[in-house]
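A short write-up of the structure that comes next.
The values are calculated or read from the model by the stated rules, or taken from the named source; none is laboratory data. Bear in mind the structure is a predicted one, so any value in this text is a computation, not a measurement. Because the Cβ atoms are built from the backbone with ideal geometry, glycine has one as well, and the counts that use them run over all protein chains shown.
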Amino acid sequence: MSACCSRCGVPAIISKTHRWENGCIVNRASGNANFSIYEAAFHNGLFEELERSMWSFIHRMVYIAGRIAAAGIARNLFSAHPAVQKLMFRTPLYRRTQESLILFARAIGMGKIELIEHRMGKKGAVRVTNPFHLAHCTAVILGGLDVMYGFPAAFTARAEGESYVGELVVGRRDDVASDEAYLRLASEKLLPSATGGKWSLPTCSRCGTPRELGELFRFDLSEGVIEERATGDRHIFYGHQSLNAILREFERELGPEVGDFFLQAEKDNFAAKLASGAVGTGLWDEDVLRGYLAIRGMGFLSRMEDEGGRTLFEVRNVFTPTVMVGRLAALWEHVKGKPSRQAYRTEGNTLRMELTSS
Ligand SMILES: [Zn+2]
């Protein structure tokens with residue numbers, strides 16, 4: 001079987017393991033809403049800003065949260081059945097599993113990850129070129145290793161030209177295992193609820209992923225890069241679990257107002273993208289917006305009312321509310337040409353938001 005769909009260009013490993021439903025990108029085996037498709041520059045800009053003020057804390061967070069999220073995704077990617085998982089990650093099958101995981105990491109835009117060598121429990125090394133974000137990409141690799149070894153494996157990294165090489169430290173557990181945050185941030189289930197109606201995205205007749213996915217994004221499996229065709233912007237499949245855990249941990253350390261910081265960053269980033277003309281104002285149409293959000297796995301727009309200077313949004317299956325609120329607020333201001341005032345609340349995973357002129 002070829003690596004990418006000959007009709008739409010989406011990597012087969014994505015369509016085999018995930019489906020688009022209820023506004024989410026859902027793992028077929030576990031039913032978890034795994035990802036949103038997200039601008040790498042938005043992620044990196046946000047984290048650069050955080051790094052400036054709290055370098056070691058944010059790095060620790062990315063390593064821990066990203067790693068746990070990646071381990072959860074890797075463990076469940078092909079089967080939700082614990083006995084099957086055990087088998088897949090042990091000899092003699094682990095090599096194939098490992099190859100698939102590396103292919104998957106490239107398919108979701110992490111960068112060019114190459115396995116240099118690996119002998120279970122003896123030695124292991126990977127080369128990573130052009131990672132979308134160094135710490136986060138490393139965390140993803142560590143998550144895979146953690147599942148393979150059944151405990152947090154220790155790992156060292158060194159630069160090698162344009163790439164970096166990560167090596168397994170044989171037989172040693174990473175001290176992250178005793179970190180309080182590691183124990184606390186054990187995965188939350190992110191199960192979307194049925195959105196009821198018959199609405200769905202038109203699909204590719206060959207692989208079944210939404211047709212628009214390959215029209216909007218170009219997948220380069222050899223380089224591990226996803227590019228938005230209209231803008232050239234690099235994108236990643238960003239784990240909800242990871243952002244969720246990072247935000248929870250920040251709120252715990254710094255208080256709930258840290259959510260406003262994430263929200264504002266998202267709003268500024270998306271406002272700049274709208275201002276550049278990269279995304280048309282055509283988005284201000286309920287059905288177009290529903291499709292835009294659903295294809296990116298950001299949630300299911302179940303209601304949009306725009307009258308008398310007041311706009312109401314209801315979005316179901318929202319797993320990163322700061323992203324949704326920031327994006328919708330930026331869109332509102334772009335369309336209306338004036339600053340907004342936002343009020344929002346979440347109930348379960350349903351976000352209700354009201355926007356008015358400030
Ligand atoms: Zn296809």
Counting just the residues of segment 5-27 that are assigned to a loop (DSSP other than H, G, I, E, B) and away from the ligand (no atom under 16 Å from the Cβ), which one comes out surrounded by the most Cβ atoms within 10 Å (Cβ to Cβ)?
23
Does residue 319 qualify as being more than 19 Å from the chain's Cα centre (by Cα) and either touching a residue at least 12 places away in the same chain (Cβ under 8 Å) or over 24 Å from residue 242 (Cα atoms) (or both)?
no
In this structure, does residue 267 turn out to be away from the ligand (no atom under 16 Å from the Cβ), buried (at least 19 other Cβ atoms within 10 Å of the Cβ), charged (D, E, K, R) and outside any strand (DSSP E or B)?
yes
Between 79, 36, 53, which is closer than 30 Å to residue 259 by Cα, out of contact with any Leu (no Cβ under 7 Å at 6 or more places or on another chain), outside any helix (DSSP H, G or I) and away from the ligand (no atom under 16 Å from the Cβ)?
36
Residue within segment 213-221 that is more than 18 Å from residue 2 (Cβ to Cβ), within 15 Å of the chain's Cα centre (by Cα), modelled with pLDDT of 95 or more and aliphatic (A, V, I, L, M) present
no
Checking the conditions here, which among 74, 125 is at pLDDT 90 or above and farther than 20 Å from residue 27 by Cβ?
125
Would you say residue 291 is among the small types (Gly, Ala, Ser), more than 23 Å from residue 26 (Cα to Cα) and out of contact with any strand residue (DSSP E or B) (no Cβ under 8 Å at 6 or more places or on another chain)?
no
Quick one: residue 2 ticks every box in (1) within 16 Å of the ligand (Cβ to nearest atom); (2) outside any helix (DSSP H, G or I); (3) modelled with pLDDT of 95 or more except a single one, so which number is it?
(3)
Residue under question is residue 36, and the condition is that it be in contact with a strand residue (DSSP E or B) (Cβ under 6 Å, 6 or more places away or on another chain), surrounded by 21 or more Cβ atoms within 10 Å (Cβ to Cβ) and at pLDDT 95 or above; does it hold?
yes
